[in-house]
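Written out below as C-alpha cells is the structure these notes cover.
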Amino acid sequence: MNIPPRLPVTAAQIQTIVAKFYDRVRVDPVLGPVFAAHVEDWPPHEAKIKRFWRNALFLERCYHGNPMQFHAAAADVKRDHFAVWLSLFDAVLEQELPKPLGSVTLLCRFRWHCGKRPVSSKACCA
C-alpha cells in the first residue's frame, strides 16, 4: 500500500530545502555557533534531517529519534533560538517551494507536522 504524502512535496524538494536551510544556519550569527558546537560532520547530520522530514511527510519510517528531546537536553539551545530557526526555515520554504506551497499556510503545516506550533498570531494555520 502506497500512502500519499501529507503535503505535496517531493523527496527532491526536501533534499534542497534541508541543504539550503543548513547553508543559512552555518552563517547565521545566532544559530551558527550553536550548531557548530554540536555538528562536527554536516553530511551525516543533513542526511538524518532529510530522513526526519521524509518520515514526517511521507511516513517512510526511516527516522527514529526525538529531536525535541535532544534539543531540550543541549544546555546551549535556548528557547529564543527557535524563532530564528523558524525564520530561516520559512525563508527557505518561500524560496524553494512553488506558490502556493511556500505560503504561510504551508509553513504552518510543516511546523504542525513536526510538532512545532506557530510562534505568532500572524502565522495562523488553516
**Asked** So between residue 36 and residue 95, what do we pick up on full extension, going 0.36 nm a residue minus the alpha carbon distance?
**Response** 18.8 nm
**Item:** Spatially proximal aspartates and glutamates relative to residue 48 (Cα-Cα < 15 Å; intrachain offsets below 8 disregarded)
**Value:** 40, 60
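Quick one: ranking 99, 20, 50, 78 by accessible area, 1.4 Å probe, largest first, what do you get?
Solvent-accessible surface, decreasing: 99, 78, 20, 50.
The values are calculated or read from the model by the stated rules, or taken from the named source; none is laboratory data. Model, not experiment: these values are computed from the prediction. These accessible areas exclude ligands, DNA and RNA; they are computed on the full protein's heavy atoms, side chains included. Shrake-Rupley method; radii C 1.70, N 1.55, O 1.52, S 1.80 Å.
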